[in-house]
Structures are given as C-alpha cells and as structure tokens.
1. Which residues, counting only those in the stretch 170-182, are more than 18 Å from L121 (Cβ to Cβ), open to solvent by 40 Å² or more (accessible area, probe 1.4 Å) and of a type outside the set (D, E)?
2. Those residues that are touching a Phe, Trp or Tyr at 6+ places or on another chain (Cβ under 8 Å) and assigned to a helix (DSSP H, G or I), I need them from the stretch 82-104; list them, please.
3. Can you pull out the residues in the stretch 133-167 that are out of contact with any Gly (no Cβ under 7 Å at 6 or more places or on another chain), open to solvent by less than 20 Å² (accessible area, probe 1.4 Å) and assigned to a helix (DSSP H, G or I)?
4. If you scan the stretch 105-128, which residues turn out to be assigned to a loop (DSSP other than H, G, I, E, B), at pLDDT 95 or above and open to solvent by 40 Å² or more (accessible area, probe 1.4 Å)?
Amino acid sequence: MNADEQRRLWDERYSHPNHVYGYRPNDFLVSAEVMLRRGSRVLVIGDGEGRNGVWLAQKGHRVTTVDLSEVGAAKARALAAEREVELDIQVADLGDWVRTPAAQGPWDGIVSIFVHMEPELRRPVADALTQQLAPQGRLIMEAYTPAQPSLGSGGPKEESVLLTRQKVIEDWTGLDLDVRMVERRIFEGMAHQGLSSVLQVLGQRRRG
C-alpha cells in the first residue's frame, strides 16, 4: 500500500466522530514517562488523533507529533485546544519527514505507540531517528507481535508489520534496548479492546 492509499485509509478511519483509539494515553507510555526529564523535547510518531502527544504536553513536555492523516491531525488540534496545551503537529509521510529540517534533534524522547510499518520504511525511519536522539535520549515503544491476530483484539494482520524482539534489535542498532513480550488487556477506544500480545520496548542512546 503506497502513501496515498495509507492516507485515504487513515483519513476514513479517523472520520468517526469519536476518537477511534480513545482519549486516554497508552498505559505503557504512562508507566514509562517517568524516564523523561520535565520539559523534555519529545517526538511522537504516528500519533493520529493526538491522545499520547496531548497527554505528554499536559505533563510539561515540548511535544512534536507526526501523522499521515490530516483528519487525525484536526482531531489532535481540537484535543490540544480543549486540554489547553501546545502541540506541534506535523502532517507528513514519516519516511519523507525524517529527512527534513523539522526532524532535526536532539530529541530527548521518541515515542512510538502501535505504529506498524513495512520493513522497507521501518528500518530507515529507525536509523534516521536514532541519529536525532539526544545523548542518553529515550525510546518508548509498544507494538503488536505476530501472535496478536489470533487474539482478535485489534491491530494489523500482516505479519511483515508485526514486531518481534529480533526485528526491534535489527531496526534500532544504535540503542541499548530492553525488549519484553507481554500479554495484557488493552482498552483503548473502539479499536483496541481485550487481551493483546505486545512488545514493550525501552531504548537508550549508547554513550559515544
């Protein structure tokens, strides 16, 4: 699926009057946010309707979000206004955006919550963002594993975009990584509901 097809898919999905993935931040992000210093410069990729970026801004971080969908971005702007926080919202194809001046770091934190990309996009994005991560900067990621489709509780079904520990290690070669496979119950809006198989990833830029 090319970028235009992806954009149409997500625009249609986000056209629902409610937030498809809910209004609350991701549970794993909430637990991991303590690793970021107050006022950190944080990049949230694939933030869609803005639930995670807005929450991070409410915690006092300087947040930039990137998403392909203008429909999702409009809902993120509205949520940020409602919560009275500032959010730098970039509408762009992530593969192109990471090579623009807007992507320049240093980022104190990079957040990726249920962002599933094909390998030919995922690895270049990971490499580019690693270079923009601040010394001792943090990666916070949660994604579905190949076991997820059998559980039927949300997420993509294409195995190529589902993550394993080995894929994460191969993608984020410049980071020290803690990668854990977890089964947990997720309740995020209409789209993520029930027992789920996920990878939870914490990464840190290597010294030197």
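1. Scanning the stretch 170-182 gives L177, R180, M181, V182.
2. Let us first name the residues in the stretch 82-104 that are touching a Phe, Trp or Tyr at 6+ places or on another chain (Cβ under 8 Å), namely 90, 103.
Correct list: A103 only.
3. Answer for the stretch 133-167, where residues must be out of contact with any Gly (no Cβ under 7 Å at 6 or more places or on another chain), open to solvent by less than 20 Å² (accessible area, probe 1.4 Å) and assigned to a helix (DSSP H, G or I): just V161.
4. Once the filter is applied, which keeps residues that are assigned to a loop (DSSP other than H, G, I, E, B), at pLDDT 95 or above and open to solvent by 40 Å² or more (accessible area, probe 1.4 Å), the stretch 105-128 yields P106, H116.
The values are calculated or read from the model by the stated rules, or taken from the named source; none is laboratory data. Please read these numbers as outputs of a predicted model, since none were measured by experiment. Note that we place each Cβ from the backbone using ideal geometry, even for glycine, and neighbour counts take in every protein chain shown. Just so you know, the surface numbers come from the protein's heavy atoms only, side chains and all, with ligands and any DNA or RNA stripped out. Shrake-Rupley method; radii C 1.70, N 1.55, O 1.52, S 1.80 Å.
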